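Participant: Let me give you the structure first, and then I'll get to my questions.
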Amino acid sequence: MRNEYLKIVHELLLHNPYNGFYPQIKAPSGFNVEVPMFFHKMRRWGLAHALLDDVFAHIKETLYCYPWMKSEPVTNLLNFAGDVYYIYKGKYFKAFITIYLPESYPNDPPQAWVVCEDGTTAIDPVQMHVAPNGSVSIPYLWDWDGKSSTLLQFILHMCVEFTSQPPTFAIDVGINLSHNQRELLKIILDYRIRHLYDEIIKITPARTYAFFDEVARRYPPVLVDLAGHIRTSQRGVNEFIDIVAELLGQPSKTISTVDVADHRFLP
């Protein structure tokens, strides 16, 4: 089944070499001059890649299609980062990804993460290919072949996956969230307690403000970074989820259709 799936995606990409989901990108006019100069500079970085010429060839191919992406060394290994674009239900979206090339690349596959660095998006817990920490896992990586697989093909396959299962969604509960409130929401989403997030969306804006105020009152007022305290303290996340579930009248782990919420704190 997996091989058949990869065959279908491969055929799709053959007919749409730039992935077919947004207009073709033409590399800058100075591409063939600037990239070799860049690689010459990179050779002086003391990179640990065993097959450096292959690494450069794959990066060059990728930069030709994604000239806005950046490559730089991290602890003597190259990483590759930038936006990838995809279409979902007729609309264009983008996801910021960072890819690390291991020392044994291309014999071993790259490691990629979707990064939600703007604070307005979160990893969608419904989709199957991106873990809560952003780590990407798609069939193309599972069947990585060091002789034929490439960085560019990996990115293109990833874009195909995102068209059916977008990796992120916009955090929107109907009010302007403070930084601390947004970080509290991300705890719920990072631990895939999506039904509690959905319950927060259902209450009115006035009640949403009151909800966050009540959550904060359950903790010492001296905590400047409440979300950080919750994430790092022993059983902090479990206790936080229990508080949220109690206030919303929902079980911590499963969805309930019975409204038993304690709404006394709400206006």
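The values are calculated or read from the model by the stated rules, or taken from the named source; none is laboratory data. Computed from a predicted model, the values in this text were never measured in an experiment. Cβ coordinates were reconstructed from backbone atoms using ideal geometry, including for glycine residues, and neighbour counts include every protein chain displayed.
Participant: In the stretch 99-122, what residues are surrounded by fewer than 19 Cβ atoms within 10 Å (Cβ to Cβ) and either among the polar types (S, T, N, Q) or part of a loop (DSSP other than H, G, I, E, B) (or both)?
Facilitator: P102, E103, S104, N107, D108, Q111, V115, E117, D118, G119, T120 - these are the residues of the stretch 99-122 that are surrounded by fewer than 19 Cβ atoms within 10 Å (Cβ to Cβ) and either among the polar types (S, T, N, Q) or part of a loop (DSSP other than H, G, I, E, B) (or both).
Participant: When you go through (1) at pLDDT 85 or above; (2) part of a loop (DSSP other than H, G, I, E, B); (3) surrounded by fewer than 15 Cβ atoms within 10 Å (Cβ to Cβ) one by one for I201, which number turns out not to apply?
Facilitator: (2)
Participant: For the stretch 125-143, enumerate the residues that are under 12 Å from P109 (Cα atoms) and under 12 Å from the mean Cα position of the chain (by Cα).
Facilitator: Selection gives V136, S137.
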